[in-house]
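Single-structure report; data block below.
Quick note: the coordinates plus some simple rules give every number you see, no bench work behind them. For clarity, every value in this text was computed on a predicted model and none was experimentally measured. Glycine gets a Cβ as well: all are built from the backbone with ideal geometry, and neighbour counts include every protein chain shown.
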Amino acid sequence: MHYFVTSRIDRLTSAIELAEIKRIQLFDKLQIPAKIVTRLFDSNQESIWQELGIAGRVINMQDYFQRLLPNQTETAELIKQLFSTNNLNQQGLKGFKAQKLRLEVQLQGQLINYVTYFDRWGFTDRRDFYYRNQISYSEFYDDGGKLITRTYYNNIGQAILMYHYRGGPENQPIMTLIQLFHRNHWFQFDQEDQLMAYFLDCLAVNDSDASFYSDREDYAVRPFKLMKKSAKRYVIFHSIFTEDAKASGNLFPFTKEVFQLGKKLNGIICSTQQEKRDIEARFKDAPCYAIPVSYLPNELLKQKTAFAKRVPGQIIAVARLTSVKRLDVLIEAVALIHKKLKFVDLKIYGYDDSWNNYEESTKLHKLVEQRNASTYVHFCGYQADLTSIYQAADLEVLTSNYEGFSMAILESLGHGCPVVSYDINYGPNEMVQDHLNGRLLPAGDFGKLYRTLFDLLSHREKLRFYSQNAPESMYPYQADQVQKVWGNFIVKEKNKIEV
């Protein structure tokens, strides 16, 4: 079995998790068994997996040990049982004893989210959290409301996983011990990475072909190091591996830990040939492979979107609102162009990055306000399906400081939408062919960006030419081709082990 390890999959599905889902689909075509492994639990995970078409294809660490079953009792009846069991006077979703609040139920939709228990002095004693109307775990608190213990239960209500906490700096709870009851034994772990390693070992038991792929280094690399069972381990880099995106730059902290795995690592997989060469120059202990992180449906490249249907002057940017994407540069360029070309419009698709309390998002909105650009610069938020957007836009622009691959470029060109991008590491220069399907510009050159956009929007026959060439230029990234690359990789690795 091949396991793709990540943090979790939520409704604002990130590019990394979308790449895992598409990889699952390729492995299915190759008839190679594969599943996604998540470390963090989400109470909505099953409905999310269903929506994304991966129900039954995901293994969550907490769910693996708990093995909870849905409670068939209706919510109203379950609430009634809670109050009667505790001999409480029910008033709505609150229960009282001697006119003191002792229990309160919080709903999420039609199901119970959590139940809070209060002692006779009014202090919060514990809070029981529910999953599909089945009690999942309890949190216990001290007199100051600080978390002491979190206890998870199995499907018959037995405690099988306990996290213990003690006071840390500024009296914030710090996890100090984990206890797990599994296979009739109690295990102790000092860190969650150790628990994760044990979980991965459980998956690898009796599976000589177990292969693990880390899609998020911060959640998988340390467990990889701590694993005791024999299993193949790979790290997939979805972004740059140095702080400045230069081959000789300082390694990110987790990249250092990847390189420190040494012979415990069977290989590194990145998305571009250039990053492969740069990694090979610095890491000698395991081979590096270049496999596109995503791909395009075969049928998409055969479709032709009539250029006449594109909206003149419609620019799009597909990027989360974070400083790395340098959307301020694009907004400034569009504001200048709009003074002469009033039909120009910019739509930005991507979710707000919560880093530093949405600092970058606030900055970008203020910039639009300062330039009086709100009528032609729009923040459109996250959208799962951008097909109609790519088909209608005149061009897509990327002004990032760096990229690991850029799925936005891949999808834009696949839909015949030309791309203007800074020539940065990594990705753009392996997809954007200058003067054929778009333009590659010197990184950070604002003047060149402004002049290029103005020229293309003023002479749309160039955009028409790029649009016609774009789909065919993406042939190496169509599903069949990427599937072959993965197939060759699997065969090569299997033969290597057998030898």
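How would Glu360, Glu51, Glu396 line up from fewest to most surrounding beta-carbon atoms within 10 angstrom?
With the fewest neighbours first, Glu360, Glu51, Glu396 line up as Glu51, Glu360, Glu396.
Report the full-extension gain for the segment Lys256 to Lys228: residue separation times 0.36 nm, less the Cα-Cα distance, to one decimal in nm.
Extra length available between Lys256 and Lys228 comes to 8.0 nm.
Tell me, in nm to one decimal, what length is gained between Glu280 and Leu436 on full extension, where the rule is 0.36 nm per residue of separation less the Cα-Cα distance?
Length gained between Glu280 and Leu436: 53.1 nm.
Going down the table (Lys229/Lys263; Lys22/Lys309; Lys309/Lys342), which pairs top 22 Å between alpha carbons?
Lys22/Lys309
Mind listing the phi-derived Karplus ³J(HN,Hα) values for segment 172-179, rounded to whole Hz, using 6.51, -1.76 and 1.60 with θ = phi - 60°, and x for any glycine or proline?
8, x, 10, 5, 10, 7, 10, 10
Near the amide H of Ile424, under 5 Å away, which other amide H atoms are found, from residues 5 or more places off or on another chain, if H is placed in the peptide plane?
Placed amide hydrogens put Asn429 under 5 Å from Ile424.
For segment 298-476, report the convex hull volume of the alpha-carbon atoms normalised per residue, in Å³, without decimals.
Each residue corresponds to 105 Å³ of Cα convex hull volume.
Rg/Rh for the chain to two decimals, with Rh computed the Kirkwood way over all alpha-carbon pairs.
The Rg/Rh ratio comes out at 1.02.
Just subtract the alpha-carbon distance of Leu12 and Arg183 from 0.36 nm times their residue separation and send over the number in nm, one decimal.
Stretched fully, the Leu12-Arg183 segment lengthens by 58.0 nm.
At Leu93 and Asp480, where each label point lies 7 Å from the Cα along Cα→Cβ, what is the point-to-point distance in nanometres?
5.5 nm
What dipole magnitude, in Debye to the nearest 20, does the chain give about its Cα centre under +1 on Lys/Arg Cβ and -1 on Asp/Glu Cβ?
Dipole magnitude for the chain comes out near 260 debye.
Amide H neighbours of Val318 under 5 Å, at least 5 residues apart or on other chains, H built in the peptide plane: list them.
Amide H to amide H, under 5 Å and 5 or more residues apart or across chains, Val318 pairs with Tyr349, Val397.
Can you tell me which lysines have their Cα less than 27 Å from the Cα of Lys97? Leave out same-chain residues fewer than eight positions away.
Lys80, Lys146
For Lys29, go through the lysines and keep the ones whose alpha-carbon is under 27 Å away, minus same-chain ones fewer than eight residues off.
Of all the lysines, those that pass the test against Lys29 - Cα under 27 Å, at least 8 places apart if same chain - are Lys232, Lys276, Lys302, Lys304, Lys484, Lys492, Lys494, Lys496.
Using Cα pairs closer than 8 Å and at least 6 residues apart in sequence, work out the relative contact order for the chain, in percent.
10 percent
Given a Förster radius of 25 Å and the C-beta distance between Thr176 and Asp218 as r, what FRET efficiency does 1/(1 + (r/R0)^6) yield to the nearest 0.05?
That gives a FRET efficiency of 0.75.
Expressed as a whole number of Å, what is the distance separating the alpha-carbon centroids of segment 388-407 and segment 334-363?
Cα centres, segment 334-363 to segment 388-407: 14 Å.
May I ask you to list the lysines whose Cα is less than 16 Å away from that of Lys363, ignoring any residue fewer than eight positions away on the same chain?
List returned: Lys325.
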